[in-house]
C-alpha cells in the first residue's frame, strides 16, 4: 500500500489546489467560474492546455497499444499530433480567442449560433459534441481505477480506484471551476512530464538497458514485428493523420483557448507543444514495447501467453473464451506493472502519482460540458434571465456531479481498451466535426444548414460504426472483408475496429463532413450581410 499512499497524498494536494482556487478572492460570476475571467498567464495557459490533451490515453493507452503493436504507435499518433495540433492552435485557436474576446463567447456553440444566425441547430451541435465527449471522460475514470489497482497490488479494487478519482476530480472542478482546473492541470503537467524521463531511465536500467531489450526483440521471430510497421497497412497508417484534427474541435480545447490573457501566449504554446509530446509519448511507447522482454513479472507474462494463444487457436475458441483471453491480454496497466517490479516502493509511489496526473486530465472535459450545458442550453433557453447568474453557476456545478456519476457507472460496465475507445469514438467523431470550425471562421458562404448536415452525418456515422462493431465479431488475424465489390473491400472488420477501403472510418467521415458543409451551404441562403461584415470585415 505504500505506493498507493503516495498516490492518495497526491490526490489530496490536487484537491487542495482546487479548493484554494475557490477560496482566493477573485471576481464572481459565470465568466470567472467557467473561463477564469479570461486571465490565465502564459505558463499556466501552456501547461494546462497541453495537460488537458494528455489523458489516460497518453500514458496508459499508448503503452498498452505499443505493447501489442510496437513502436509504430509513436508514428500513428505522436508524430502527426506534434505537427497538426500546434498548427490548428495557431490557425484556429487564435481566431477563436479573438472572436471570444470581441463578442464575449464562452463556448464554441455560442460562436456557431451567432456566426450562422441559428438557434436550435446550435442545440443539435451541443448534443452531438456532448455525446462524443463522454467516452473521453469515461477514459479518465477507467485509467484511475486501473492505476490505483495496479499500484496497490490489487488491494484497491478497480471500482474503488475509479470512484476515488471521480470524486476527487468532481470536487475540485465543483469548487474551483476553470481557475482551479487550470492550476491543477499545470501542476499535473509538470508532474507527468517529469515522470517520462524518470521512468524511462529507472526501468530501462533495471531491465538491463533498452539496447539489450530491443536487440532481443529484433532477434526473436515472435516479436521482431514490434520494431517495424509491417502489420499496419500504409493506408491505415495514413488515416491516423486525421485524428489530431479532433484536438481543436474538442469543446474543452476551444474553451481553453478563450482563457488566455493575451494573443501572444499562443506563440509559446505552438513552439513548446511538440517538445512536450516528445517528452511524454516516447518514454511510454518504449516502455510498452520493452515490456515484451520482461520475464520476471508474472502478470506481463500472462498477457503475452494470452496474446499468443489468441493468435494460435483463436478461430477454434468460443466467443466467451476469446473474450476472456482478450481481457487477460489487455495491456493498459503494463507501465504500472513495470513500476511495481523495478522501482523502489517510495519511487513507485511518486511515479504512480505522475501517471495519475495524466489519468485525471478528464477534469477539463467535465468542466467544458458543464459550461456548454449552462450557456448553450440553460442560459440560451431563458434560465439565466429568469433565475439569475448565481443559479446558472450552481446548475453548472450540479451538472458536474451528474456527469461524473454517469461516467463512473459506464466505466464499470465497459471493459474496453483505452486506446481503441478514444480513437474509434471520441477522436474520430471530433475530427469529423472539425470542418465546422474551418467553415465558420474562414468561409463566408457557409450556412447553418451546412453545419446541421455535417453534425447529423457525424452522429449517424459514429452510431453506425458502434452498431457494426457490436454486431460483427472482431477477427483475430488479418481484416475480414464484410462488403466487397469485385476486388474492392469496401467495409472490413479489423482486430481493433473497422476499415473502409483500407482506411479508418475517420477519413471518410471527415471528408464527407467537409463535402456536406460545402454542398448544402451552396444551395441554401447565407447569413445576413451584417453578420458577415462583423466576422469578415477587412477580408
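Observations on the structure shown:
- Every residue from region 254-280 that is under 17 Å from residue 182 (Cβ atoms) and in a helix (DSSP H, G or I): 254, 255, 256, 257, 265, 266, 268, 269, 272, 273, 276
- Listed here are the helices (runs of 4 or more DSSP H) enclosed by region 317-375 that have at least 3 residues being modelled with pLDDT under 80: 319-329, 345-359.
- Pairs are defined by a Cβ separation below 9 Å, a sequence spacing of at least 6 or placement on different chains, a first member in region 154-182 that is more than 16 Å from residue 14 (Cβ to Cβ), and a second member that is outside any helix (DSSP H, G or I); the pairs so defined are 155/1; 156/1.
- Which numbered condition residue 98 misses (of (1) under 27 Å from residue 265 (Cβ atoms); (2) in contact with a helix residue (DSSP H, G or I) (Cβ under 8 Å, 6 or more places away or on another chain)): (2)
- The set of residues in region 385-412 that are without any contact (Cβ under 8 Å) to a residue 40 or more places away in the chain, part of a helix (DSSP H, G or I) and over 26 Å from the mean Cα position of the chain (by Cα) comprises 385, 386, 387, 390, 391, 394.
- Any hit, region 242-253, residues being buried (at least 17 other Cβ atoms within 10 Å of the Cβ), at pLDDT 90 or above and outside any helix (DSSP H, G or I): yes
- Residue 495 vs. criteria within 29 Å of residue 436 (Cβ to Cβ) and surrounded by 14 or more Cβ atoms within 10 Å (Cβ to Cβ): no
- Scope region 453-492; condition in contact with a helix residue (DSSP H, G or I) (Cβ under 8 Å, 6 or more places away or on another chain), within 22 Å of residue 513 (Cβ to Cβ) and either free of Cβ contacts under 8 Å to residues at least 60 places away in the same chain or buried (at least 16 other Cβ atoms within 10 Å of the Cβ) (or both); matching residues: 453, 454, 455, 457, 458, 459, 461, 462, 465, 466, 469, 491
- The residue of region 213-224 that is farthest from residue 296 (Cα to Cα), among those that are touching a residue at least 24 places away in the same chain (Cβ under 8 Å) and surrounded by fewer than 16 Cβ atoms within 10 Å (Cβ to Cβ), is 222.
- Selection status of residue 425, under 30 Å from residue 519 (Cβ atoms) and in contact with a strand residue (DSSP E or B) (Cβ under 9 Å, 6 or more places away or on another chain): no
- Residue, farthest from the chain's Cα centre (by Cα), within region 136-178, restricted to residues that are within 15 Å of residue 363 (Cβ to Cβ) and surrounded by fewer than 24 Cβ atoms within 10 Å (Cβ to Cβ): 175
- Selection within region 306-315: residues that are out of contact with any helix residue (DSSP H, G or I) (no Cβ under 8 Å at 6 or more places or on another chain) and at pLDDT 80 or above. The member of this set that is surrounded by the fewest Cβ atoms within 10 Å (Cβ to Cβ) is 312.
- The test for being in contact with a strand residue (DSSP E or B) (Cβ under 7 Å, 6 or more places away or on another chain) and crowded, with 24+ Cβ neighbours inside 10 Å holds for residue 182.
- Within region 225-241, the set of residues being out of contact with any helix residue (DSSP H, G or I) (no Cβ under 7 Å at 6 or more places or on another chain) and either part of a helix (DSSP H, G or I) or without any contact (Cβ under 8 Å) to a residue 12 or more places away in the chain (or both) comprises 225, 230, 234, 235, 236, 238.
The values are calculated or read from the model by the stated rules, or taken from the named source; none is laboratory data. The structure displayed is predicted, hence computed values, not measured ones. With ideal geometry, Cβ positions are generated from the backbone for all residues, glycine too; neighbour counts draw on all protein chains shown.
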